[in-house]
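To start, the structure under review is shown below, and the notes come after it.
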Amino acid sequence: MTRRYSDMNQHDALYKVARAYPGGLEALAARMQISVNVLRNKLAPGIETHYPSFEELSQIIEHCQQAGVKDAHLPLHALLSRHGMAAFIVPEPEITSGDDLSQTVCRVMSRVGDVAEAVSTALLDGVITDVEADLIEREFQSALTVLGEWRARIRAHRHQQE
């Protein structure tokens with residue numbers, strides 16, 4: 001039986017992201033200067049006697065982000081979601097124009113529409129499965145990110161006018 005890893009479980013998400021590091025756990029362990037067996041034991045969802053420290057969690061996410069691993073921030077989103085919180089990447093926009101602001105608001109509305117569609121589709125049968133819940137969470141994260149981008153662009157635009 002194949003184990004399904006949940007994107008919204010912080011342990012599963014960290015394991016999934018770390019395994020996606022180029023070269024796998026072996027390369028990531030070498031980068032962190034620890035043995036692959038120690039890293040594997042700390043990350044494997046089925047092993048309850050070993051856990052990564054906060055610093056190791058941060059290093060794993062940082063290394064994965066630098067290596068271009070898709071969804072490198074997923075473990076953070078899962079951890080925050082567990083505690084009823086959400087985060088988004090705060091972009092540092094370059095010089096903006098009115099067109100940038102209008103394009104950004106269109107992306108915001110599109111992402112909010114994606115959230116609504118995911119929720120609506122999940123509720124067709126009246127039950128939200130774990131897979132559907134993961135998709136909904138991803139759509140919310142995407143919407144929050146473009147909302148944060150919009151906010152940053154508005155702030156940058158305001159400062160350009162001063």
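Computed on the Cα atoms alone, the convex hull of the stretch 98-161 gives a volume of 54 cubic angstrom per residue.
Taking other residues whose beta carbon is less than 14 angstrom from the beta carbon of Leu28, and scoring Lys, Arg as +1 and Asp, Glu as -1, yields +2.
Ordering Ile34, Trp150, Leu101 by the projection of their Cα atoms onto the charge dipole of the chain, which places +1 on the Cβ of Lys and Arg and -1 on the Cβ of Asp and Glu, puts Ile34 at the extreme positive end. Normalised by the residues of the stretch 10-82, what does the relative contact order come to in percent, with Cα pairs under 8 Å and at least six apart? Rounded, it is 43 percent for the stretch 10-82. Comparing Pro75, Pro45, Pro22 in a Gaussian network model of the chain where C-alpha atoms under 10 Å apart are linked, the largest mean-square fluctuation is found at Pro22. Here the ratio of the Cα radius of gyration of the chain to 2.2 N^0.38 Å is 1.22. For the stretch 10-82, a crude dipole built from +1 on the beta carbon of Lys and Arg and -1 on the beta carbon of Asp and Glu, taken about the Cα centre, is about 140 debye to the nearest 20.
Using a Gaussian network model of the chain in which every pair of alpha carbons under 10 angstrom is joined by a spring, one finds that among Leu124, Leu39, Leu101 the greatest mean-square fluctuation is at Leu124. Net charge in the neighbourhood of Ile60 (other residues with Cβ under 12 Å of its Cβ; Lys, Arg +1, Asp, Glu -1) is +1.
An ellipsoid equivalent to the stretch 10-82, defined through the eigenvalues of its Cα gyration tensor, has semi-axes of 16, 15, 10 Å when rounded to whole angstrom and sorted largest first.
Only the coordinates and a few stated rules stand behind these numbers; no lab work does. As the structure is a prediction and not an experimental result, all values here were calculated from the model. All Cβ positions, glycine included, derive from the backbone under ideal geometry; neighbour counts span all protein chains shown.
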